[in-house]
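Asks: Below you'll find the structure I mean.
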Amino acid sequence: MLKLIGYLKPYTVFILVAIALLFVQALTELALPDYMSRIVNVGIQQGGVEDAIPQAISQETFNDVSLFLSREHKEAILGYYELITQESSNYREYLERYPALETEPVYVLVNDTIENNEELKLTFGKALMAYSGVKTGGGQGNENFSPPSGITIPEGADPFKIMRLLPESIRLQMLSDMDKMVDVLGESMIKQSAVLVVKEEYQKLGMDTDSIQSRYVFRIGLMMVLMALLSTAATIMVAFIASKIAAAVARNLRKDVFTKIENFSNVEFAKFSTASLITRTTNDITQIQLVIVMIIRMVFYAPIMGVGGVFRAIEKSVSMSWIIALAVIILLGMIGIVFAIALPKFKKIQKLIDRLNLVTRENLSGLMVVRAFNTQKFEEKRFREANEDVTKTNLFVNRVMVSMMPIMMLVMNGIVLLIVWVGAKQIAESSLQVGDMMAYIQYAMQIIISFLMLTMIFIFIPRASVSANRVHEVLKVDPEITDPDNPKQFPKDFKGEVEFRNVCYRFPGAEENILNHISFTAKPGETTAIIGSTGSGKSTLLNMIPRFYDVCDGQVLLDGVDIREVRQHDLRDHIGYVPQKGVLFSGTIESNLKYADDDATLDEIKKAAEIAQATEFIETNEEKYQTPISQGGINVSGGQKQRLSIARALLKRPEIFLFDDSFSALDFKTDAALRRKLKQETGKSTMIIVGQRIATIKNAEQILVLDEGKLVGKGRHDELMKTCQTYQEIARSQLSEEELS
Amino acid sequence: MSQDNQTTRRQPPRGGRHGGPGGGPGIMAGGEKPKNFKATLRKLVKELSQFKVRIIMVFIFAALSAFLMILGPKILGNITTELFEGLMNKIRGTGEGINFDSIKQTILFLLGLYVGSTLLAYTQGWIMSGVSAKITYRLREQISLKINNLPLKYFDKTSQGEVLSRVTNDVDTISRTLNQSLTQMITSLTTVIGVIFMMFSISWQMTLVALLILPLSASLIALVVKQSQKYFKKQQDYLGHVNGHVEEMYGGHVVVKAFNGEADSIKKFNGINDVLYDSAWKSQFLSGMMMPIMMFVGNIGYVLISILGGWFAVKRIITVGDIQAFIVYVRQFTQPVAQIANIMNIFQQTAAAAERVFEFIEEDEEVAETHNPVKNVEHNGNVEFKHVQFGYDPEKIIIKDFSCQVNKGHNIAIVGPTGAGKTTMVKLLMRFYDVNSGEILLDGHNIKDYSRYDLRENFGMVLQDTWLYNGSIWDNIKYGRLDATDEEVLAAAKAAHVDAFVHMLPDGYDLLLNEETTNVSQGQKQLITIARAILADPKVLILDEATSSVDTRTEVQIQKAMANLMKNRTSFVIAHRLSTIRDADLILVMNEGDIVEQGNHKELLERDGFYAELYKSQFEEDFVETEGLI
């Protein structure tokens, strides 16, 4: 996986931008529950009043409240307020906001810095709370705020009047007693209670508390919409960047891999196998593309989200962190267990499915044999066994896997209950607000989901890394056959004489040479045929000439020039090659023939087709030379493909023709006619033919007989019939004595 | 083997299960549609109906489980309310504060609810896995039985890969749908209905708002899907083009090189690759937008509910816990709706898969056996063709009127150019195909009057395609007659010269042939198939180009083995080596599907017709003189 990291380098900036955007996405996502909790805490519970410090307070109320303040505190607080009366210059201005001004003077907060004076805020809050306690408690006997012992308040009397009558020292004593009691409740509780007093005071001042509340809720709501928008915008931008980077990396990889493979020689193709190279160029790279998107959008996101969630959650309540840790441990443990049980079985299932496929495929490919031998029952039994194995294992795995979802849900819900239970206790102790608990639940879920996302990654990454490795294997190959640094040129009047000088070849990794010390010369104007049993190395020998393989020892020379000393392009310009299986490309007959020479005229094409005996079937088609050829040429027969391949090579008008068993799919009649015509038309060229049929090669000027990589005979048919035992054997198996004589 | 790989590889990705990131690719893929959804569904339901009780149980459990889950948030909301009210009372200095006893009880109750839901969900999954496994097993079994009862004709138009993909991919799709999607559908439906009900029970106004969000999200998604589908299709197309080009260039790389076509090929590739890049990122991006958009719509819902809920809570219309519950419901609501859309898509793919499977299972089988098959015929191997007329396509008769008499022990050669239909005769003889008119007699009885089993007991086959199965060499020989004794198997192996080479192999007779049967040579494989035919001890032998793909030395051995095999049997030999043909008692010359000449070698040469021409062409002009001497 990391080996391909270089492909991401050009996009580093974009990746960094994406990560930055992911932070935005995570932060905004995480902000939402917080806003929701504020709606509950402030919007609903506190009636939209955010702070325990009143924006305005009537002089009358303040005088009552100040009974619960020391002189210094009272002075300090008043320092932040301005008393507005009907005489004040800005009376009109404030009247609208505080209609009660008409009847009484009001203290208005003019200096916001009180916000920063925590101690004073707390003291003020306590005073407000005490004030409210005494006010309501007077009537209802609230135990928290009952006046200190020894003082009895007569029924129906105004407690504040009484308090005012108390001497300063007793009042201060009372205050410090009360302080101790209130402190037990905790800051949060003091604040929450004070806020209610403030709200009541606002009502008294004639302010529209309902609208304060709804304004607050709407304001926060608007913030939430903005956050949601921001989050969506960030997500979409990340998606944009991720898709672009991934697609671009895939494109570059595909391009590099394809270019690389186009320069592979037969050796590399054999090493990887064509099918595998195709998969590496297509599917594997698509896999990588998908994973890059995943990495950017999820792998980077999950930790940001998880860590962010943890911070947010701790901010709300440190003491409940253990619940989240517990949840993560349980879930990961559970996933671990399920996978530990299921994973080995997954591998087994793949094997069993392969087995089922194999049995079915065998039955299908052997349909006639199965029926001929009446072994249908046997096949059915084989299938049934394979089917039973697959079904049983599948069932087991399925039953393990279906437990995942329900158990996961149970754990998640259990966690919620645990948070509620623990949270409830803390709420009762006033160390947590209800909205915070609700937010906490959501943070917990977000953290857990981040962890689940991360585990998903551990399932996906290995799969992608297999693909990446496969692609990298291709990219790191140094093709065995390369152009020389200082290429030579062939002589101007190139004739096409092919000479093998002591050539040896061994397939990479093989124990023995496939070709051993082969020497011969193929002259222009002559036909050289190569014959031998399967595996004798005749095709390999032929493929050395266009440098599909490079010799291990010895030399291949064209007109005296070692083919390794010229550019491959120049070398192949002189060669007309006809492969064993007629290889055609999708297009038309014409486009296939023109593959040899883009500028060929229709007459030239017709001529080539005629020599190759292809005219007959081309002309019977309605579209003639425009007849479409489908991919792999599946709509033409093997024989037709061979003839078209020959015509293609002819169009190139090369000095050297190479036929790699190119007549095998032709019937004897066509084969004979074609070769006769070929001989007429290509008189001056060097022809090298690999053949299986004696009849095809009998007339060659030179026949090379190969056996297990050695040249065991060289000469004309008649000579070889006398001297070469291998040749005789081959001939005998094909022709009867009379024909050979 | 490689061909099979290709067929499977070329198959377009079915459906959108391989869910990429970003969600919603299932909807993107569009999926294939069944031709007849209703009929297929009916068949699928019929298949399911034998598990009626279990499936009803599954449905009930799934619905109950979902129902219990739905109750959760509302009850949990009650706890929140209880907490909130208790707290408010405490702040205001009124009431009792928080009632922990009742909270504890509620939490325990909820825990019970969740555990119950989990148990139900799991039981349901357990049962459904079982049902799905049984159905999957049965479908596969039926397909397997079908393979051996279909007329060969069927396989002329259906590739192996197609049948194979029914056994695996299609059945797999059905299985997965049964396992997951079916119950998911029930769960989702219950959830949607339940959630709507619960939402209404909290506040109809808020519910309406939540429901209004739905068409908004639906139309947004539709918009994106429409856009992205365009690019998705383009991406698929160009992925196909890249694949095609790559396959072609790699497959024909020698030709590319020989004609110096690399530069052109790379140029063309880059062109396609660039278009692919363009459509790839666009489709990826657009499908990647689905999730954020859905989340945004969800968040808008969340916000609206928070605002509206907050407002209502202030007005004391609903409680704080209700807001909490409602938010959870809104979240739960959008998910199953999206899921149902996805499941509908999956159902369609499943129906298409099921349709293919049922189509195969319901395919016409071989013509029924005769009711009173002839029994106890003494078999000698006399074969007679009487005015046989046949065509693979009834419109296109290829064998017009063929008659001939083959006596026991005779050797018949069938010759002709490639594609002349030489194997047709064999296929008729073994009743892989039935004649259109006329009759074929084996030992005096029409082959249609035998049971197929009895008829084929008389034949042994050695084909060019050396079919062996993934078993030991011993088992493969024994395949000729499964009830043969060890001595008989050994004797057959010796007669076919298998014994001669088998001891040089790693495990001898126990050598397990690998899947590609590449651990024995082509010639050795051919010898094993001959041993198999010898063991079967047939009265009539069919040899179809049995030696064409082996080298000369092995061929000599095979020839000897075949000579052993052909002793005292009627044999039909398809060959192109004239040396094999010349000694035949009767030569049938075929061209373009028809029998153009028949007679022995000498007669046919004298007639100077097609056979003579064919024969001559093998030796070219300079042999004409020699030939005159024969």
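Asks: Take the residues in the range A:245-261 that are among the charged types (D, E, K, R) and either out of contact with any helix residue (DSSP H, G or I) (no Cβ under 7 Å at 6 or more places or on another chain) or buried (at least 20 other Cβ atoms within 10 Å of the Cβ) (or both); name whichever of them is farthest from the other protein chains (Cβ to nearest Cβ).
Replies: If we take residues in the range A:245-261 being among the charged types (D, E, K, R) and either out of contact with any helix residue (DSSP H, G or I) (no Cβ under 7 Å at 6 or more places or on another chain) or buried (at least 20 other Cβ atoms within 10 Å of the Cβ) (or both), then A:254 is farthest from the other protein chains (Cβ to nearest Cβ).
Asks: Report, by residue number, each residue of the range A:374-394 that is farther than 29 Å from residue B:459 by Cβ and either facing chain B (nearest Cβ under 7 Å) or among the aromatic types (Phe, Trp, Tyr) (or both).
Replies: Residues satisfying the conditions are A:387, A:391, A:394.
Asks: Go through the range B:447-521 and tell me which helices (runs of 4 or more DSSP H), entirely inside it, have 2 or more residues that are within 13 Å of chain A (Cβ to nearest Cβ) and under 26 Å from residue A:364 (Cβ atoms).
Replies: Fully inside the range B:447-521 and qualifying: B:452-457, B:473-478.
Asks: Please work out if residue A:696 is surrounded by fewer than 22 Cβ atoms within 10 Å (Cβ to Cβ), within 14 Å of chain B (Cβ to nearest Cβ) and at pLDDT below 75.
Replies: The answer is no for residue A:696.
Asks: Within the bounds of the range A:678-687, is there any residue that is within 11 Å of chain B (Cβ to nearest Cβ), of a type in the set (A, V, I, L, M, F, W, C), more than 49 Å from the chain's Cα centre (by Cα) and not in a loop (DSSP other than H, G, I, E, B)?
Replies: no
Asks: Hey, among the residues in the range A:71-93 that are at pLDDT below 80 and among the hydroxyl-bearing types (Ser, Thr, Tyr), which one's surrounded by the most Cβ atoms within 10 Å (Cβ to Cβ)?
Replies: A:88
Asks: Could I ask something else about it? So which helices (runs of 4 or more DSSP H) stay within the range B:146-220 end to end and still have 3 or more residues that are of a type in the set (A, V, I, L, M) and more than 16 Å from the chain's Cα centre (by Cα)?
Replies: Numbers: elements: B:152-157, B:160-165, B:171-176, B:182-202.
The qualifying helices (runs of 4 or more DSSP H) are B:182-202.
Asks: Hey, does the range A:596-608 have a residue that's of a type outside the set (Asp, Glu), under 17 Å from residue A:543 (Cβ atoms), part of a loop (DSSP other than H, G, I, E, B) and in contact (Cβ under 8 Å) with a residue 40 or more places away in the chain?
Replies: no
Asks: Scan the range A:551-580 residue by residue and report those that are within 14 Å of chain B (Cβ to nearest Cβ), in a loop (DSSP other than H, G, I, E, B) and in contact with a strand residue (DSSP E or B) (Cβ under 8 Å, 6 or more places away or on another chain). Even if it seems obvious, please write down each step before you answer.
Replies: Of the residues in the range A:551-580, the ones within 14 Å of chain B (Cβ to nearest Cβ) are A:563, A:566-580.
Then keep just the ones that are in a loop (DSSP other than H, G, I, E, B); that gives A:567, A:574, A:579-580.
Hits for the range A:551-580 are A:574, A:579, A:580.
Asks: Yes or no: the range B:225-236 includes at least one residue that is of a type outside the set (A, V, I, L, M, F, W, C) and at the interface with chain A (Cβ under 9 Å from one of its Cβ atoms).
Replies: no
Asks: Evaluate the following for residue A:270: is it within 9 Å of chain B (Cβ to nearest Cβ) and not hydroxyl-bearing (Ser, Thr, Tyr)?
Replies: Values: within 9 Å of chain B (Cβ to nearest Cβ): no; not hydroxyl-bearing (Ser, Thr, Tyr): yes.
No: the conditions fail for residue A:270.
Asks: Among the residues of the range A:416-428, are any more than 8 Å from chain B (Cβ to nearest Cβ), surrounded by fewer than 22 Cβ atoms within 10 Å (Cβ to Cβ) and touching a Ser or Thr at 6+ places or on another chain (Cβ under 7 Å)?
Replies: Yes: the range A:416-428 contains one or more residues that are more than 8 Å from chain B (Cβ to nearest Cβ), surrounded by fewer than 22 Cβ atoms within 10 Å (Cβ to Cβ) and touching a Ser or Thr at 6+ places or on another chain (Cβ under 7 Å).
Asks: Scan the range B:102-132 for residues that are of a type in the set (S, T, N, Q) and either within 40 Å of the chain's Cα centre (by Cα) or within 30 Å of residue A:392 (Cα to Cα) (or both) and jot them down. If you could, list the steps in order and put the result at the bottom.
Replies: Initially, the range B:102-132 is screened for residues of a type in the set (S, T, N, Q), giving B:102, B:105-106, B:117-118, B:123-124, B:129, B:132.
Residues satisfying the conditions are B:117, B:118, B:123, B:124, B:129, B:132.
Asks: For residues that are in contact (Cβ under 8 Å) with a residue 24 or more places away in the chain, under 19 Å from residue B:130 (Cα atoms) and of a type outside the set (A, V, I, L, M), tally how many sit in the range B:144-171.
Replies: Of the residues in that region, 1 qualify.
Asks: Go through the range A:311-365 residue by residue and tally those that are in contact (Cβ under 8 Å) with a residue 40 or more places away in the chain and under 33 Å from the mean Cα position of the chain (by Cα).
Replies: Of the residues in the range A:311-365, 20 are in contact (Cβ under 8 Å) with a residue 40 or more places away in the chain and under 33 Å from the mean Cα position of the chain (by Cα).
Asks: Can you work out which of the residues in the range B:266-280 that are more than 8 Å from chain A (Cβ to nearest Cβ) and more than 19 Å from residue B:227 (Cα to Cα) is nearest to the chain's Cα centre (by Cα)?
Replies: Taking the candidates together, the pick is B:272.
Asks: Given the conditions (1) over 30 Å from residue B:509 (Cβ atoms); (2) assigned to a loop (DSSP other than H, G, I, E, B); (3) within 9 Å of chain A (Cβ to nearest Cβ), report the number of the one that residue B:408 does not fulfil.
Replies: Among (1) over 30 Å from residue B:509 (Cβ atoms); (2) assigned to a loop (DSSP other than H, G, I, E, B); (3) within 9 Å of chain A (Cβ to nearest Cβ), residue B:408 violates only (3).
Asks: Let me ask another. What are the residues in the range A:490-520 that are out of contact with any Lys or Arg (no Cβ under 9 Å at 6 or more places or on another chain) and closer than 21 Å to residue A:565 by Cβ, if any?
Replies: A:490, A:491, A:492, A:493, A:494, A:499, A:500, A:501, A:502, A:503, A:504, A:505
Asks: I'm checking my understanding of the structure. Among residues of the range A:305-348 that are closer than 19 Å to residue A:406 by Cβ, of a type in the set (Gly, Ala, Ser) and surrounded by 15 or more Cβ atoms within 10 Å (Cβ to Cβ), which one is modelled with the highest pLDDT?
Replies: Restricting to residues being closer than 19 Å to residue A:406 by Cβ, of a type in the set (Gly, Ala, Ser) and surrounded by 15 or more Cβ atoms within 10 Å (Cβ to Cβ), the top hit is A:327.
Asks: From the list B:287, B:283, B:306, pick out the single residue that is at the interface with chain A (Cβ under 7 Å from one of its Cβ atoms) and of a type in the set (Gly, Ala, Ser).
Replies: It is B:306.
Asks: Restricting to the range B:198-213, and then to whatever is out of contact with any Asp or Glu (no Cβ under 8 Å at 6 or more places or on another chain) and in contact (Cβ under 8 Å) with a residue 40 or more places away in the chain, can you tell me which residue is nearest to residue B:326 (Cα to Cα)?
Replies: B:199
Asks: Checking residue A:265 against (1) over 23 Å from residue A:549 (Cα atoms); (2) in contact (Cβ under 8 Å) with a residue 60 or more places away in the chain; (3) hydroxyl-bearing (Ser, Thr, Tyr), which test does it fail?
Replies: So residue A:265 meets the others, but not (1).
Asks: Would you check which residues across the range B:97-113 are in contact (Cβ under 8 Å) with a residue 24 or more places away in the chain and of a type in the set (A, V, I, L, M) and list them?
Replies: Selection gives B:103, B:107, B:110, B:113.
Asks: Hey, any hits in the range B:434-442 for a residue that's assigned to a loop (DSSP other than H, G, I, E, B), surrounded by 17 or more Cβ atoms within 10 Å (Cβ to Cβ) and β-branched (Val, Ile, Thr)?
Replies: yes
Asks: What residue, among those in the range B:309-328 that are within 50 Å of the chain's Cα centre (by Cα) and more than 9 Å from chain A (Cβ to nearest Cβ), is modelled with the lowest pLDDT? Steps first, answer last, please.
Replies: If we filter the range B:309-328 for residues that are within 50 Å of the chain's Cα centre (by Cα), which is where we start, we get B:324-328.
Those still in the list that are more than 9 Å from chain A (Cβ to nearest Cβ) too: B:325-326, B:328.
Numbers: B:325: 83, B:326: 83, B:328: 80.
If we take residues in the range B:309-328 being within 50 Å of the chain's Cα centre (by Cα) and more than 9 Å from chain A (Cβ to nearest Cβ), then B:328 is modelled with the lowest pLDDT.
The values are calculated or read from the model by the stated rules, or taken from the named source; none is laboratory data. None of these values were measured; they are calculated from a predicted model. No Cβ is skipped: glycine too gets one built from the backbone with ideal geometry, and neighbour counts run over all protein chains shown.
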